[in-house]
Amino acid sequence: MDSIVTPLRQLLYVSSSNPSGAKIDVPTVVEQSRHNNALDGVTGLLWSDGKRFLQVLEGAADSVMTTFARIRADPRHHAIVVLHERNIEAREFGNWTMVQRRPGDDPDALDRKMRRLLEGASQTVRGNFLGLIAARP
Ligand SMILES: Cc1cc2nc3c(=O)[nH]c(=O)nc-3n(C[C@H](O)[C@H](O)[C@H](O)COP(=O)(O)O)c2cc1C
């Protein structure tokens, strides 16, 4: 029987919490995402300092598009800009992971964690994550 090969898609976007939207409770977002993404076979990485979000989504092209359409329509964040979108041979982020910078966290320890998580990632994805993290106040 012929198998249908669905291309794997990777999408990277950045956004900011919407001052006129509901306040973002990051643990709630993480909980929702973990649940939905596991069902949809979507993996990736979400980074947040509470104000800005950088997320990479990976999975079957239609699952990534459906997930991103939901995320894009979420009024809790705005100024959503797609930084990068491409077909990939293999997932660069095997798990769905959330990395959050909390006040009082050691920024260098977080940098190290991100570098480890980003080891298998493409230049563009790594560059965007590390660039945003480096711009820490
Ligand atoms: C920064 C940000 C990232 C999000 N990431 C995801 C995600 O990876 N997967 C997901 O299903 N929902 C994500 N959401 C939540 C969606 O926007 C939406 O609220 C949710 O998918 C609706 O889920 P429900 O239909 O189960 O209520 C994210 C929301 C924000 C603000």
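The values are calculated or read from the model by the stated rules, or taken from the named source; none is laboratory data. As the structure is a computational prediction, the values presented were derived from the model and not from experiment. Using ideal geometry, Cβ is built from the backbone for each residue, glycine included, and neighbour counts are taken over all protein chains shown. Each accessible area value is taken on the protein alone, full model and side chains, heavy atoms only, with ligands, DNA and RNA left out. Shrake-Rupley method; radii C 1.70, N 1.55, O 1.52, S 1.80 Å.
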Could you please state, rounded to a whole Å, how far the C-alpha centre of the stretch 110-136 is from the C-alpha centre of the stretch 1-53?
17
Where a ≥ b ≥ c are root eigenvalues of the Cα gyration tensor, a/c under 1.5 meaning rounded, otherwise prolate if a/b exceeds b/c and oblate otherwise, the chain counts as oblate
A student applying the Cα gyration tensor rule (rounded when a/c is under 1.5; otherwise prolate if a/b is larger than b/c, oblate if not) would label the stretch 60-137 oblate
What is the calculated FRET efficiency for N87 to E119, with r their C-beta to C-beta distance and R₀ = 25 Å, to the nearest 0.05?
0.75
Within 10 Å, count the other beta carbons around each residue, average over each peptide in 46-55, 90-99, and list them highest first.
46-55, 90-99
Solvent exposure of the chain as accessible area per residue, Å², 1.4 Å probe:
57
Spin-label point model (7 Å from Cα, Cβ direction): what's the A109 to T28 distance in nm?
2.8
